[in-house]
Every structure is written in structure tokens, then in C-alpha cells.
């Protein structure tokens, strides 16, 4: 398995690949290491993790969204000047992402993914892997050495220490973020602040796009 190579080519023609797309849009990355950067988001349909606090539950079905080809998605993204594409969901790794990411990289984009890592296969050619583990479903451990960014959503107080359990499992150079679940900020923020002050290898991620009232 190679998650970050740029020289693997899909065995199928790229024109054969289509994806269920809940939405795609140009915005500002609101979270994590690339917070504040312009980015084109592609939110793919399909997820079987089932986080009860998910703010895009409409992305869960895989068969209720318009289907778009690689060429269409790339052409839409190229109308904007930013050259970061973020593939998210749902759970994007439910799909074979080689063709999509290869095409974007050849067009000059950085390819970023936001994933829970639960899928059996890890497809795609990635410049940045944001791993957001969930208590509801164990990840495939093969992703762990390739993680660039660990982002744990904090909904309960116990999630803070659970997040720390991942430190020895992932790439030791990965960035580490705790992010309060949006509706729980008032109660979780003090816990997160205290934890990061005591453990300065961690950082705080907040959903700045929601404060800015942008997608």
C-alpha cells in the first residue's frame, strides 16, 4: 500500500470513474494545519461510521447524490485560482480515489483527504492525510504510519484522553489537533485548553469557517 506516491497509475481509464458528489465548492479551509488556506472541497456521498453529532448526515447515503466524472470535477475546480483540493465526505475512502487524485495532481493541485480511516482499502495519491478517528468504528491500522495530521473531535470529556491514546500509533511527525464539537464548545473548550497547556505537542483546531459563516 502506498498512500502518498505520485507515480501509481489507475489500471482503469480515468473516464470510467464517476463519483457520487453531495457538494463541491471553493472556500477557506477552516480546520487543522491548513486553516486559512483557499481550497476546493469535494464532499463525496457514502458513510457507514454513523457519528451522531455529524453535521453533514445528508452525506451518508451513497446513492442519493448526483454522479460526476473525474473530468467534470477537475474542470469545475480549475475555474478557481486555489490549488488545494480537499476530498471529504461522508467517508471518501469508500471509493477508489486513484483516478481522481492523479488527475488533480497532474493539473497542479495538492491533494488532501479527511478520513476516519475505517475502510479496508486506501486508494489515492495524497499530499496530505488528515486522520480523524471515531470511537464508533475502528480504523484500518495500515493508515497510521502515513498520517500527516491527527484531528480528534471532542464531544465528551473522556474524548480528550482517548485522543492521546493515538499518539504512539501514528506517524510521530504528525500534527495533533483537538477540535471541540460545535455544539459542545462551551463545556469542552476549557478541558481542551487545559490539556494543550499541559501537553504542548498538541494544538487546538476550531471550525473557523463556521465563525466566518462560510461553507
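None of the figures in this text is laboratory data; all of them are computed from the coordinates on show. Everything numeric in this text was worked out from a predicted model, so none of it was measured. Methodologically, a virtual Cβ is constructed for each residue, glycine included, from the backbone with ideal geometry; neighbour enumeration extends over all protein chains shown.
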Tilt relative to the chain, helix 185-198 - C-alpha long axis, 0 to 90 degrees, to 10: 80 degrees
Chain lengthening between residue 193 and residue 25 when straightened (0.36 nm per residue, less Cα-Cα): 57.3 nm
Kindly list the residues of segment 11-47 that lie in the label zone of residue 183, defined by a backbone N under 16 Å from the point 7 Å along the Cα-to-C-beta vector. none
For the pair residue 169 and residue 16, what calculated FRET efficiency results from E = 1/(1 + (r/R0)^6), where r is the Cβ-Cβ distance and R0 = 41 Å, to the nearest 0.05? 0.70
Cβ density ranking, 10 Å radius, fewest first, applied to 214, 87 yields 214, 87
Relative contact order (%) - segment 118-160, alpha-carbon pairs under 8 angstrom, separation at least six: 42 percent
Can you tell which of 106, 181, 114 shows the greatest fluctuation in a Gaussian network model of the chain with Cα springs below 10 Å? 106
Tell me, what is the FRET efficiency for residue 162 and residue 76 to the nearest 0.05, using R0 = 30 angstrom and their Cβ-Cβ distance as r? 0.20
Just from its helices, what would the mean residue ellipticity at 222 nm be for the chain, if runs of 4 or more DSSP H residues each count -39500 (n - 2.57) and the sum is divided by every residue, rounded to the nearest 500 deg cm²/dmol? -5500 deg cm²/dmol
What label, among [x] 22; [y] 27; [z] 33, belongs to percent of Cα pairs over 29 Å apart computed from the structure on display? [x]
Would you work out if segment 87-215 is rounded, prolate or oblate? Take a ≥ b ≥ c from the square roots of the eigenvalues of the alpha-carbon gyration tensor; rounded if a/c is under 1.5, else prolate when a/b is larger than b/c, oblate otherwise. prolate
Any idea what the relative contact order of segment 14-211 is, in percent, if you count C-alpha pairs under 8 Å spaced at least 6 apart? 18 percent
Expected unfolding gain across residue 96-residue 38 under the 0.36 nm per residue rule, minus the alpha-carbon gap, is 18.4 nm
